[in-house]
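Student: Questions regarding the structure given below will be posed in turn.
The values are calculated or read from the model by the stated rules, or taken from the named source; none is laboratory data. Quantities reported herein were computed from a predicted structural model and do not represent experimental measurements. Every residue, glycine among them, receives a Cβ derived from its backbone with ideal geometry; neighbour counts consider all protein chains shown. Remember, those area values only see protein heavy atoms, side chains included, never the ligands or the DNA or RNA. Shrake-Rupley method; radii C 1.70, N 1.55, O 1.52, S 1.80 Å.
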Amino acid sequence: MKPLFSIITVCRNAADTILPTIRSVDTQTCRLYEHLIVDGASTDGTLELLAQNPSQLRTVISEPDKGIYDAMNKGLANTSGEYIIFLNAGDSLHSPHTLQLYAQAIMDNDYPGVVYGHTDIVDAQRRRLGPRHLDAPEELTLESFSEGMLVCHQAFVALRRIATAFDTRWKYSADYEWCIRCLQHSRRNVHIPAVTVDYLAEGMTTAHRRRSLWERFRIMCYYYGTARTVRRHLGFIIRAYKRGSIG
């Protein structure tokens, strides 16, 4: 039977962060999913931890890749679910009922293009640091992302048939550009008024903040126009640096 969700976790040398991620998936009350781990040939014990925590719903692919978005593309190419969820190592589904919330929203709204929720930021000890600084809006449109990545990638659940490959020319913000393309093809976006994802602080984008901001600026110029983007971007940069997070 075709799963409703394909959960893709990309990782490399994630022995310190992978367990909360897989446990959050394994404890879901909704079992209509497959979980694909795309590992970049880890050497730190990640694969041993995965072997010690098996699941019939989980598949592990381990081989060298060309970066995080190349790994995500491998995940997309190997999934069979109707909806895609990206859950990186260290991130986790917020509660055991998260997939059930997504599934109910999907069924109640005739299989929308995008279902999305809110995000909490946590530290390595899984302590809540607060909500994500950009909060998911009640109504999400293509226009919404002209203000930045208003929905965290991990809380952005896309219908597989509108989810094309990541553009790996973008090294730090291909997820932002990917979400925009999904929104271009989504006939309806459904908001879940609840936290659905816990996002581990200090991800790749945060570690490369300036490069990520520059890439997002160029992406905004392409999709929303240069003049308009320039007018808005100064305020966006100030806001991002002041609050210290661009997740």
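Student: So in the range 7-52, with the set limited to residues that are more than 13 Å from ASN88 (Cα to Cα), hydroxyl-bearing (Ser, Thr, Tyr) and in contact (Cβ under 8 Å) with a residue 60 or more places away in the chain, which one is surrounded by the fewest Cβ atoms within 10 Å (Cβ to Cβ)?
Tutor: Here the answer is THR29.
Student: Something else now. Which of the residues that make up the range 54-93 are crowded, with 21+ Cβ neighbours inside 10 Å, of a type outside the set (D, E, K, R) and within 14 Å of THR21 (Cα to Cα)?
Tutor: ILE85, PHE86, LEU87, ASN88, ALA89, GLY90, SER92, LEU93, listed by residue number.
Student: Please verify whether THR226 is among the polar types (S, T, N, Q), in contact (Cβ under 8 Å) with a residue 12 or more places away in the chain and surrounded by fewer than 15 Cβ atoms within 10 Å (Cβ to Cβ), treating the condition exactly as stated.
Tutor: Criteria not met by THR226.
Student: Quick check on HIS118: is it open to solvent by 10 Å² or more (accessible area, probe 1.4 Å) and in contact with a Pro (Cβ under 8 Å, 6 or more places away or on another chain)?
Tutor: Here the answer is yes, as HIS118 does meet what is asked.
Student: Picking from THR205, THR196, which residue would you name as being hydroxyl-bearing (Ser, Thr, Tyr) and modelled with pLDDT of 95 or more?
Tutor: THR196
Student: Which of (1) at pLDDT 95 or above; (2) open to solvent by 60 Å² or more (accessible area, probe 1.4 Å); (3) of a type outside the set (A, V, I, L, M) is the odd one out, the single condition ARG126 does not satisfy?
Tutor: Only one criterion is unmet by ARG126, namely (1).
Student: What about GLY148, is it more than 26 Å from LYS2 (Cβ to Cβ), without any contact (Cβ under 8 Å) to a residue 12 or more places away in the chain, among the small types (Gly, Ala, Ser) and open to solvent by less than 50 Å² (accessible area, probe 1.4 Å)?
Tutor: no
Student: State yes or no: is ALA136 assigned to a loop (DSSP other than H, G, I, E, B) and crowded, with 22+ Cβ neighbours inside 10 Å?
Tutor: For ALA136, the condition - assigned to a loop (DSSP other than H, G, I, E, B) and crowded, with 22+ Cβ neighbours inside 10 Å - is met.
Student: Go through (1) open to solvent by less than 20 Å² (accessible area, probe 1.4 Å); (2) modelled with pLDDT of 95 or more; (3) over 14 Å from the mean Cα position of the chain (by Cα); (4) not basic (Lys, Arg) one by one and return the number of the condition LEU213 breaks.
Tutor: LEU213 satisfies every listed condition except (2).
Student: Now, a different point. Taking the condition of being loosely packed, with under 14 Cβ neighbours inside 10 Å and among the basic types (Lys, Arg), how many residues in the range 162-204 meet it?
Tutor: Number of matching residues: 3.
Student: Can you confirm whether the range 135-144 contains a residue that is modelled with pLDDT under 95 and farther than 30 Å from SER42 by Cβ?
Tutor: Yes; the residues of the range 135-144 include at least one that is modelled with pLDDT under 95 and farther than 30 Å from SER42 by Cβ.
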